[in-house]
Structure formats: structure tokens, C-alpha cells
1. Please tell me if Y374 is open to solvent by 30 Å² or more (accessible area, probe 1.4 Å), of a type in the set (S, T, Y) and either away from the ligand (no atom under 15 Å from the Cβ) or in contact with a His (Cβ under 9 Å, 6 or more places away or on another chain) (or both).
2. Need the failing condition index for F440 against (1) over 27 Å from the mean Cα position of the chain (by Cα); (2) of a type in the set (F, W, Y); (3) within 25 Å of Y530 (Cβ to Cβ), just the number.
3. Would you confirm whether or not segment 535-552 contains a residue that is assigned to a loop (DSSP other than H, G, I, E, B), modelled with pLDDT under 95, small (G, A, S) and within 16 Å of the ligand (Cβ to nearest atom)?
4. Go through segment 180-212 and count every residue that is buried (at least 17 other Cβ atoms within 10 Å of the Cβ) and either basic (K, R) or under 24 Å from N38 (Cα atoms) (or both).
5. Does K229 count as within 30 Å of L301 (Cβ to Cβ), open to solvent by 30 Å² or more (accessible area, probe 1.4 Å) and either touching a residue at least 24 places away in the same chain (Cβ under 8 Å) or more than 18 Å from the chain's Cα centre (by Cα) (or both)?
6. Cβ-Cβ below 6 Å, separation at least six or inter-chain, first residue in segment 249-274 and modelled with pLDDT under 95, second open to solvent by 60 Å² or more (accessible area, probe 1.4 Å): which pairs?
7. Do any residues in segment 286-306 that are β-branched (V, I, T) have Cβ atoms under 6 Å from those of residues that are within 10 Å of the ligand (Cβ to nearest atom), where the two are at least six apart or on different chains, and which pairs are they?
8. What about H87, is it in contact (Cβ under 8 Å) with a residue 24 or more places away in the chain, crowded, with 21+ Cβ neighbours inside 10 Å and not in a loop (DSSP other than H, G, I, E, B)?
Amino acid sequence: MCGIVGYIGDKSPEKFLIDGLKKLEYRGYDSSGIALKNNDKIQIIKSTGRISELEEKINETETIPCTLGIAHTRWATHGEANERNAHPHKVGRVTIVHNGIIENSNEIKNRLVNEGIVFKSETDTEVACAVMNELYSNDPIETIENSIKQLKGSYAFGILLEDSDKLYAVRKDSPLIVGIGKNENYIASDINAISDYTNEYILLEDNEIAEITKDSIKIYKDGQEIEKKIETENKTIETANKGTYEHFMLKEIMEEPIVLQRTLNKYKYSKENIMDLTKYDEIHIVACGSALYAGMIGKELLEEKANIKCFTECASEYRYKKVIYDRKTLVILVSQSGETADTIAAMRKAHEEGIDTLAIVNVKLSTIAREAKYHMFIEAGPEISVATTKAYILQVALLSILALEAAHKKGLEPNYEQYLQELEKLPNKLRKVLNDKDIFQKVGEELKEDKSAFFIGRGIDYAICKEGSLKLKEVSYTHSDAYEAGELKHGTISLIEEGIPVFAIITKDNIKEKTESNVIEVASRKAKIYTITNDEAITNHHFKYTVEKISDYFQPILVVPALQLIGYYTAYSRGLEIDHPRNLAKSVTVE
Ligand code: AGP
């Protein structure tokens, strides 16, 4: 996902712009650039690779004296990752940076090419810039209003106009905020980018245009100036920097007990925050990636413990499929960022059908948080590493609490009080697992040369496998598959060869023996078995880690962190870019 920052004030913008881009690195990118403006002079400096390369280029360049600039990190969608396609883009009197996808850019580009416009890049952004230049008038708001009417798709634009010494911004479906400083103001894709400068900001809604000077911010909608609320971001104890850790991913894993405690406190004393799911006949849990795998754990518990019919579906499928809403249904959207395009679309599909939605989300003013009918926030604080860890754990925790409360309300949970006690102690139990990180580091080092791995489990253990497999894949680039343990023998077992690592997740009492027999099937083919279980008696393994046996509701919260650490240390043993793995973005705001 691309990142945008912009500055207008009394100082030269370079430092702010580079600081901001560095704070946005976690979103994933492959090139970056800045544009500086002084009256009718625009200077654009771009680079592929890391921000440090752009910074070096800027330091080697004699930059124009100015107090206005925009900057961008690009995660390539239209056109390959090179300097020509990097933002900012300039066409005539307009210079812009963009996050999103202009879906009708080809049609517009063909028209403009026929009219003689020559494009330098393959990007949809340059097309949008050409539209603004084509519709350029002496009224900047009118220029932008008329331009966005021509554009279909998603966008967050930072805009510089030749005849104006102001900073402009507008968005639709891609987040953008206006930060409020002292004798300076900012634009940014998210608050993390400017948190060292301010915690006050205005959240732009779709098609609202910001006209910004160093000491004024005007917001326009449909040509009229409107009033907007000033939001304040409360600082959590986790600052968005690594502290003593080498990587955000490890820092965020080690924060899990703290943020779990904070989230439990939020829901323990104020029960009214916990939505009553028992009034629904059917629940669809819709999400992407790790959030979907957290949803799979929620599904297992809601069905088995609370006897509520539950489906999980990845949002990219759900948004386009025929969904039959023939019973009182709740759609639960799970999302750390609250800006995942597919999950937003799934939510809006449910709304079109008049279906209630509940968002389990981390970023409080995100699109999903603001548009869902109900929301329950996890209190993970800023999660910077592209690979989610602490947010995933809190998503699982909230879904587990929802299942426990629903089971209790339906009179199906005789051990309710006991499990509430267990919940109290969960952060410390989790801390004990994390204190064994050296054990998992050794496993990661063992996996250094392995090209592929399997994760097998049944029921809720299979849902755990899905997340364990994704963690290993996305940060260490090890090909890995999570399989229902009973399914492996229907074909895929042909891939089992001597020494291949197979992670066996075995925690569910009623199916342990079944999974153990599947382990024997692969062990007999000389696979290397890494077992994570809650049962000391389990045998047949090369490696075994036993977590404390607790209720089904919360058992995954002790198991998954072990797999997160194994994924981390495998990547670490290979010296990889753990916090921003290749090709990945922290929040996929395009479909
Ligand atoms: C998980 O480590 C990945 N970063 C990815 O699967 C992520 O969970 C998914 O893109 C959903 O993101 P969201 O929670 O912000 O919606």
C-alpha cells in the first residue's frame, strides 16, 4: 500500500517528508519520491529501493529553498517498480502523489493520447494528474472537484498547483488525514507518519477537499466549506519505534501480554462493550489473511460452544459471491488496519442487503471502524511490522470472549466463572511461552535451509496451522502449507519426503488420537515432526513444545505465539528484511 506525506509551514520540508516516509515504510513499497514547491518552481526527486536511497539523493542535490512539499512511497500496482513510475507525477501545472487505483485510467489515457498528451510513465496516477491539468482553472477547489468527478476507483491525492502556494488533498476509499501543527500543517496516509509532530488531525471523508496553509485548514465538500471535528490520537505505551528490538515483529510479539491485558481490562469491567451475538441465527466472519485465520478460530468456538451457525470466508470471494441471507445474520469484519479494500467491500455488500455488521478492528478511525454498524476495538496500539502478530492475538482473544459470553448467555457454559478466572491469568501464561523464545530461535535456525514445510491439525488446531503457515511463509519465504491433518493422505502426502519439516498442532482432546495417527503417517515417511501441544504424553516427534493445558476458548493464544516466533527466527537466520517482506504491504487498500 502506498504512503503519502505533505508539509506546509515555515521550515524547509525535506526533513519532515523523509521522517514521514520512514514512518510509512511498514506499509510496504518499492520506490519513493518528493516534490518541493517554491512559487512556480517545482523540484521532483525520486528513487527506487529504500527511503535511505532517496535521502542520499536529496542530500546530494541542491534543493530549492521552499516551505511546501509532498512525498510518497509507492507499492507498484500499475507499471513496474522503477524511477519513471515512482511518484510524485507532474503534468503541466499539476503535481500529485496518489494512493489507490484509478479504475478508468486506461479509457482516459487513450482519450488523452489521442488528444496529443505524451505520458512518461505507465501509472494511473499520471493519468489522474493529466485530468487535473486538463481541467485546471483559476479556482483550485473547482479544478479538483471537476477532476475527481472524472475518476473512478480509489484515491488519496496530495496535490500541488502551479498558481497556488497552498497544499491540497482529497480522498476516496484510501485514507488521508490533515495533521495540525504550530505554524505548520501536514497531510499523511496515517497518524503514524506524523506522530512525532502532532497528535491532532482532521480525518478526511470521501470527496472532501482540504486547502491547507501553514496556519489555516479549510475543508470543502461539493464546493461548500464545511466544519470538521479535530481528532486526537491518544498515545499508547507502545511508540511506533523499535526501542531495543532489532525488528518491530519481535517487539510486537513481546508486547502481546501487555496489549492482551489492556484489551481484557477494556472488556472485563464494561460488559456492555461485548456485543450479544445470541440474537443472531447465523454469523459470517469475513476477513483477509491472518484476520481470516483469527476468524476461523472464532467460528470453531461460536459453533461448538455457543451453538451459533457460523461461516468464515475470505473477503475477496465474499464480496463477489451470491450470499444467501435467509436468516437473521451478523457479518463480522475482522481487520487490523480497517482499510483492507476487500474487507471494506464485503462490509458494504452486507449493508446493501440490510445486514448488521460488527467490526473487530485496531485502527479506530479507519473506514471499517467508522462504517460498520457495531465495532469492538482491539487495543494493540500501532502495529508496524507487515506481518501481524499482536493484533492477530487480540482478534482471537475478542472472538473467544464473544463465544464465551454467547455460550454463557445461552446457558451452555457451566464453567463460565472458571474461564473468566482463566482469562485473568492469560497474559502471564502467554508471557511464559514468550520467555521460551530461545527454544523457538533454535527451531528457526534448524529450518534455515528448509525450502518447504507443512502444518497439520484438526478443527481449531487446523485454524492455528493456517496462521502458523502464513507467518513462516510471509517473513522467511519458506513455501508452506497448512493442511487438515486427515486430508493430507488424499494426495498431498506425496510431497512428504525425508527431512521435510511437518508442524503438528495437537491440543483438542476429542481428536488428538486422530491427529497423532496422521503424524505417524508422515513420520513413517521420515518427515521431521515439530509438535506443539498441551499434552505431555504426545510422542512421535523430532521436537515438541508443550504449552499449559487451558480451555479450548483460549488455548490458541498460547500456541500461536510459538509459531510466530518460529517464523520470525527462521527469517532471522536467513538475514531477511523481516518487517517489510518483499511484495507485501501492511494494509492492502487495493483489490
Ligand atoms: C498478516 O501477517 C498479513 N499482514 C495479512 O495477511 C493481513 O492479515 C491481511 O492483509 C489483513 O489485513 P487487515 O487485518 O489490516 O485487514
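1. Numbers: open to solvent by 30 Å² or more (accessible area, probe 1.4 Å): yes; of a type in the set (S, T, Y): yes; either away from the ligand (no atom under 15 Å from the Cβ) or in contact with a His (Cβ under 9 Å, 6 or more places away or on another chain) (or both): yes.
Yes.
2. Of the numbered conditions (1) over 27 Å from the mean Cα position of the chain (by Cα); (2) of a type in the set (F, W, Y); (3) within 25 Å of Y530 (Cβ to Cβ), the odd one out for F440 is (1).
3. No, because not a single residue in segment 535-552 is assigned to a loop (DSSP other than H, G, I, E, B), modelled with pLDDT under 95, small (G, A, S) and within 16 Å of the ligand (Cβ to nearest atom).
4. Residues that pass the stated criteria total 15.
5. Numbers: within 30 Å of L301 (Cβ to Cβ): no; open to solvent by 30 Å² or more (accessible area, probe 1.4 Å): yes; either touching a residue at least 24 places away in the same chain (Cβ under 8 Å) or more than 18 Å from the chain's Cα centre (by Cα) (or both): yes.
Spelling it out, it is not the case that K229 is within 30 Å of L301 (Cβ to Cβ), open to solvent by 30 Å² or more (accessible area, probe 1.4 Å) and either touching a residue at least 24 places away in the same chain (Cβ under 8 Å) or more than 18 Å from the chain's Cα centre (by Cα) (or both).
6. Going by the 6 Å Cβ cut-off, the qualifying pairs are Y267/N273.
7. V286/A315; V286/L333
8. Values: in contact (Cβ under 8 Å) with a residue 24 or more places away in the chain: yes; crowded, with 21+ Cβ neighbours inside 10 Å: yes; not in a loop (DSSP other than H, G, I, E, B): no.
No.
The values are calculated or read from the model by the stated rules, or taken from the named source; none is laboratory data. Because the structure is predicted, anything quoted here is derived from the model rather than measured. Quick reminder, even Gly has a Cβ in these numbers, built from the backbone with ideal geometry, and neighbours come from all protein chains shown. For accessibility, only protein heavy atoms count, side chains too; no ligands or nucleic acids. Shrake-Rupley method; radii C 1.70, N 1.55, O 1.52, S 1.80 Å.
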